[in-house]
Amino acid sequence: MKQFQMKLSTNVYTPLLGKTDPKHIAFLRNLEKEMEIEKSLTIPLKDLHVVVFDMETTGFAPEQGDQILSIGAVKMGETANDTFYSLVRFEGQLTPAVKELTGLDEAELKTAPSLSDVLIRFYEFVQTDTLVAHHATHEKKFLQHANWKIFRKPYKHRIIDTSLVFKLIDPSLKLVSLDDYCNHFEVEVRDRHHALGDAQMTAQLWSKFVFQMNEMQCHTLMDVYDRVAKI
């Protein structure tokens with residue numbers, strides 16, 4: 001995930017308000033009804049349906065105008081993993097740091113789908129699955145902000161933070177970046193700072209974490225949260 005300071009107007013979402021497709025709102029309402037957030041706490045981790053995802057953004061603070069530039073995701077399956085990737089329309093100027101690190105440029109972002117459309121397609125991909133992200137606070141903050149600004153709907157999906165889960169595996173080891181985790185767990189670093197590339201690496205980490213947690217007799221999210229609270 002990217003965290004750059006690039007302050008934009010807090011009115012960047014204003015053109016989207018009041019123009020949301022009613023079908024999108026209906027879809028989100030139905031999704032909320034089907035979601036069983038608490039049930040995910042007791043499902044065995046090996047059977048838990050998850051979507052691992054990552055975002056590229058212009059900065060830390062959506063409430064101050066920072067925006068989502070792209071979303072990448074991997075739906076974990078028993079045999080093959082489905083993927084999702086989309087750029088998000090952005091009509092401002094990227095900082096040199098963002099352009100260099102992500103490889104994104106203004107021309108491709110100006111012709112990308114709107115955030116409203118990308119989020120609906122993302123939620124159609126996720127359905128009621130549990131979300132997983134590395135240092136998930138960043139992604140959660142942007143989703144909460146965008147859901148309310150665009151759809152006037154609170155954000156509902158549970159997001160598991162892989163860095164939180166890792167505390168169970170080795171609380172003494174101080175790893176921070178995705179690169180650190182990948183190097184430690186022998187996951188090849190490829191397409192770094194690309195939303196789908198980072199999501200795919202995080203998905204490999206999640207698979208390793210689930211295996212190790214089962215070895216530790218930690219079989220559900222409830223077990224994870226109980227153990228973490230005692231560290």
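The values are calculated or read from the model by the stated rules, or taken from the named source; none is laboratory data. These numbers come from a predicted model, not from an experiment. We place every Cβ from the backbone using ideal geometry, glycine too, and count neighbours over all the protein chains shown. Surface areas here come from the heavy atoms of the whole protein model, side chains and all, with no ligands, DNA or RNA. Shrake-Rupley method; radii C 1.70, N 1.55, O 1.52, S 1.80 Å.
Note on region 18-38: among residues that are surrounded by fewer than 13 Cβ atoms within 10 Å (Cβ to Cβ) and not in a helix (DSSP H, G or I), the one that is modelled with the lowest pLDDT is Gly18. Just one of (1) open to solvent by less than 60 Å² (accessible area, probe 1.4 Å); (2) modelled with pLDDT of 95 or more; (3) assigned to a helix (DSSP H, G or I) fails for Leu168. It is (2). Selection within region 106-142: residues that are free of Cβ contacts under 8 Å to residues at least 24 places away in the same chain and either assigned to a helix (DSSP H, G or I) or under 24 Å from Ser177 (Cα atoms) (or both). The member of this set that is least open to solvent (accessible area, probe 1.4 Å) is Glu106. When Gln5 is tested against (1) open to solvent by less than 50 Å² (accessible area, probe 1.4 Å); (2) out of contact with any helix residue (DSSP H, G or I) (no Cβ under 8 Å at 6 or more places or on another chain); (3) of a type in the set (S, T, N, Q); (4) modelled with pLDDT under 90, exactly one condition is not met: (1). Checked against (1) without any contact (Cβ under 8 Å) to a residue 40 or more places away in the chain; (2) part of a helix (DSSP H, G or I), Arg190 meets all criteria but (2). Among residues that are under 14 Å from Lys140 (Cα atoms) and surrounded by 17 or more Cβ atoms within 10 Å (Cβ to Cβ), Phe90 is not included.
Before we move on, is Lys149 touching a residue at least 24 places away in the same chain (Cβ under 8 Å), open to solvent by 10 Å² or more (accessible area, probe 1.4 Å) and outside any helix (DSSP H, G or I)?
It is false that Lys149 is touching a residue at least 24 places away in the same chain (Cβ under 8 Å), open to solvent by 10 Å² or more (accessible area, probe 1.4 Å) and outside any helix (DSSP H, G or I).
Filtering region 152-165 to residues that are open to solvent by 10 Å² or more (accessible area, probe 1.4 Å) and in a helix (DSSP H, G or I) leaves Ser163, Leu164.
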